[in-house]
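All of the numbers you see were taken from the coordinates with simple rules; none came from a lab. Since the structure is predicted, the reported quantities are computational estimates derived from the model, not experimental observations. Every residue, glycine among them, receives a Cβ derived from its backbone with ideal geometry; neighbour counts consider all protein chains shown.
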Amino acid sequence: MKLPLPISTTERRVPNAVSRLVNMQAEQNAPDAKMPYRVYRAPGVRAWKTCGTGPGRGLHVFAGGLWAVSGDDLYRVGEASAGTIPGSGPVHMADDGVRLVIVTNPDAHVYTAGAVAQISDADFEGASDVAFVDGYFVFSSTSSGRWFCSNLYSTEFDPLKFAYCEVNPDFNSGQIIADHRQVIIPGTASIQLWWNSGAGNFPFDVVPDGVIELGCRGGMVKIDNSVIWAADDGTVRRLTGRTPLRVSNHGVEEAIARYTGIPRAFAYTLEGHMVYCVSWNEATWCFDVTTGTWFQRESFDGQPWRVCSVAMLNGVVYAQDRTTGAVGILDPECYAEWGDRIVAEWTYPAICDGRRMIRHARLEVLAEAGVGLANGPAPQVMLHWSDDGAKEFKAFSARSLGAIGAYKDRVIWHRLGASRDRVYRCSVSDPVAVNVFDTVLDAG
């Protein structure tokens, strides 16, 4: 019998809903391929540049270069500090090609002409986020439902250039997004869209029918000509026109309901996969917009993914380390994170037939073999199983994924006992490629 590949994480606290991918993601194969899907190792992070001493606070592409805030300094990556950005929390950045604005909540700083200065205009009221649209820097205010903009191509302010999102008496979620020349203001109970009408002292007006009766918990990010966010109803949504389509599954929703804090999110595109990543204090979840599937990322210590920000420059996706501030390159052919081990893990759906006892004679994982290390032993596939609904797992002996060049090696286990409710979990910790195409189980 075929054991279905876990192409999306759906793990729940209910029987038989246990499929899970950690540092693995799914891809649909070509129509003439032997198998419809494969699951493969998600990209690692190749070390590139140290950048201050951390923590990592944000990346941005500006003036043809990559810029980072690490610790309390702003860097053009690879160069000395360009100025001081006080604080240690995440920053938000936007630029107009001449000025780079960095918001630290509630303060903001501007880098231009080789120097950093705090915005000290008396009419700057404090902000939690910034974006740039149609010549204006737009800011989410720290006040309830209020947002404001700079003067045109300037970091000076007019006290009358502000507006309120008055549809609901809710608070700003702390974010502001500029997308398709519209300004999106996510609140805790509703979202409102604005456009540059050019009328009056404040140039923006509410988009007709531009009110979404759903709030934002955080993590709103632009991706694939749209925006995705963690909604206040416990789902993850994607804006399609004016409709907030649900893209999360019940497993994701059950998990994030237990998480604390405000999520931090970013998105990247790599090898045709557009991926939305959202991290809470407890875990990191990733939604592959291209395939419509979910997977999780964990760093070597089992903690949420240490990548806190990404930016693309000249076709390369750069990533920043949350703790050290170092900048690396997201690389499908790298199987570590800044040199640290990461574990690729996939958990299959449960195998059961009512309460009938099923004997498991043979399990074969059809995977790419012969991808071993140039030096050292052949990489190993670890097998664990659970007979109690994936509550506890027991280890079985490992199998070789094949020394380098041993392309005909097979990953097979025999005499796996009997169970009424069996769940298999496989993992690889060696720094090698992992490509799984199919799984066959002889059971009855």
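By the scheme Lys and Arg +1, Asp and Glu -1, what is the net charge of all other residues having a beta-carbon under 14 Å from that of PRO377? Display every interim value, and only then the final one.
On the way: positive: ARG399; negative: ASP409, ASP430.
Residues close to PRO377 contribute a combined charge of -1.
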Fill in the blank from the handout: With ALA361 itself left out, Lys, Arg at +1 and Asp, Glu at -1 over residues whose Cβ is under 14 Å from its Cβ give +2
Completion exercise
The long-range amide H neighbours of ARG306, using H built 1.01 Å from N in the peptide plane and a cut-off of under 5 Å, are SER299
Completion exercise
Quick calc, THR243 & PHE300: beta-carbon distance into FRET formula, R0 56 Å, rounding 0.05, result 0.90
Exercise for the section: Hey, can you grab everything whose amide H is under 5 Å from the amide H of SER154? Only 5+ residues off in sequence or another chain; H modelled, so Pro and N-termini drop out. Expected result: PHE137
Problem - chymotrypsin sites (Phe, Trp or Tyr not before Pro) restricted to DSSP loop in the range 361-433 with at most 16 other C-beta within 10 Å - result: PHE393, TYR407
Completion exercise
With +1 at each Lys and Arg Cβ and -1 at each Asp and Glu Cβ, the charge dipole magnitude of the range 63-117 around its Cα centre, to the nearest 20 debye, comes out at 60
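When only DSSP loop residues count, what trypsin sites (Lys or Arg not before Pro) in the range 384-419 have their Cβ near at most 11 other Cβ atoms within 10 Å?
On the way: sites: LYS391, LYS394, ARG399, LYS408, ARG410, ARG415; in loops: LYS391, LYS408, ARG410, ARG415.
Those satisfying the criteria are LYS391, LYS408, ARG415.
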Handout entry: Residue-by-residue Karplus 3J(HN,Hα) for the range 20-31, coefficients 6.51, -1.76, 1.60, Hz, glycine and proline x
Key = 7, 10, 10, 6, 9, 9, 9, 8, 7, 7, 4, x
Exercise for the section: Between beta-carbons, use under 13 Å as the cut-off and find the net charge around THR142, counting Lys and Arg +1, Asp and Glu -1. Expected result: -2
Problem - Dipole in debye (nearest 20) - the range 144-252, about Cα centre, beta carbon charges: Lys, Arg +1; Asp, Glu -1 - result: 280
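On a 28 Å Cα-Cα criterion, which of the cross-link pairs LYS222/LYS391; LYS2/LYS222; LYS34/LYS391; LYS2/LYS408; LYS34/LYS222 come out too long?
Numbers: LYS222/LYS391 37 Å; LYS2/LYS222 38 Å; LYS34/LYS391 34 Å; LYS2/LYS408 21 Å; LYS34/LYS222 35 Å.
Pairs exceeding the cut-off: LYS222/LYS391; LYS2/LYS222; LYS34/LYS391; LYS34/LYS222.
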Handout entry: Amide hydrogen neighbours beyond the local backbone of CYS334, cut-off 5 Å, H modeled
Key = GLY44
Fill in the blank from the handout: Among [x] 25.3; [y] 23.6; [z] 22.7, the entry matching Kirkwood radius over Cα pairs in Å as calculated here is [y]
Completion exercise
Calc'd 3J(HN,Hα), the range 69-86, phi into Karplus 6.51 cos²θ - 1.76 cosθ + 1.60 (θ = phi - 60°), Hz, glycine/Pro = x, comes to 9, 10, x, 10, 10, 9, 10, 7, 4, x, 10, 6, 3, 9, x, 9, 10, x
Practice task
With θ set to phi - 60°, apply the Karplus curve 6.51 cos²θ - 1.76 cosθ + 1.60 along the range 169-180 and write out the HN-Hα couplings as whole Hz, x wherever there is a Gly or Pro.
Solution key: x, 9, 9, 4, 7, x, 10, 8, 10, 9, 9, 6
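Which order do the peptides 268-275, 27-34 take when ranked by the mean count of other beta-carbon atoms within 10 Å per residue, highest first? Before the final figure, lay out the partial values.
Details: 268-275: 16.2, 27-34: 10.0.
Highest-to-lowest ranking by the protection proxy: 268-275, 27-34.
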Exercise for the section: Would you give the gap between the C-alpha center of the range 303-323 and the C-alpha center of the range 166-182, rounded to a whole Å? Expected result: 26
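Only helical DSSP H runs with n ≥ 4 go in: add -39500 (n - 2.57) per run for the chain, normalise by residue count and round the 222 nm mean residue ellipticity to 500 deg cm²/dmol.
Helix contribution divided over all residues of the chain: -500 deg cm²/dmol.
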